[in-house]
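Below: the structure, in structure tokens.
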Amino acid sequence: MKIENRLLKFDTKKIFDFIDFTEKLKVFVKTSKIKEGILNIQLMHTSAGLIINENEPLLLEDIKEKLEDNAPQSKDYRHDDLTKRTVNVCVDECKNGHSHCNAIYLPTTITLNILNGVLQLGRWQSILLIELDSARHRTVQLQVMGNE
């Protein structure tokens, strides 16, 4: 069995920025020369998420609205009260309780099948990174494994 790894780096622009990186995944699978196997995609963050869905602008607006309804930015979150919070506080800490609360509803890993050297996706399926916080540097770890 062959295993290959790759890191993808993204710079998001704002909250609810959607980054479609499906084509990068297809290229990675193709260059790996894996014919039968799996691709695991792992997001290395707690205030963003991954989805498999249709990359259609009006649908993405609906998803943004649903996420905002789910965990409004305007709500007070205990995580944001830096006068009380003592764990995992950084020098440049921001108020992002809303992003963590939305992240619990979205996966941070996705595993996809590879058959005949092709990543298996439905007709309208795309792999999207969703920024749930503000503009950030994001890292996605890829691991492909299988037989050539």
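The values are calculated or read from the model by the stated rules, or taken from the named source; none is laboratory data. Quantities reported herein were computed from a predicted structural model and do not represent experimental measurements. When we count neighbours, we look across all protein chains shown, and the Cβ atoms used for this are built from the backbone with ideal geometry, even at glycine.
Here is how the numbers come out for the structure above:
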read-out	value
Options Leu128, Leu115; residue that is under 30 Å from Arg6 (Cβ atoms), at pLDDT 95 or above and surrounded by 15 or more Cβ atoms within 10 Å (Cβ to Cβ)	Leu128
Counted residues, the stretch 135-148 - those being surrounded by 15 or more Cβ atoms within 10 Å (Cβ to Cβ) and under 27 Å from Arg78 (Cβ atoms)	2
Residues of the stretch 13-56 satisfying the condition of being surrounded by fewer than 18 Cβ atoms within 10 Å (Cβ to Cβ) and among the polar types (S, T, N, Q)	Thr22, Thr31, Asn40, Gln42, Thr46, Asn53, Asn55
Tally, over the stretch 57-75, of residues that are more than 23 Å from the chain's Cα centre (by Cα) and loosely packed, with under 10 Cβ neighbours inside 10 Å	1
Residue within the stretch 79-98 that is of a type outside the set (Asp, Glu) and touching a strand residue (DSSP E or B) at 6+ places or on another chain (Cβ under 6 Å) present	no
Where a residue in the stretch 69-90 is of a type in the set (A, V, I, L, M) and its partner, wherever it lies, is surrounded by 10 or more Cβ atoms within 10 Å (Cβ to Cβ) and assigned to a helix (DSSP H, G or I), with Cβ under 6 Å and at least six apart	Ala71/His98; Ala71/Cys101; Ala71/Asn102
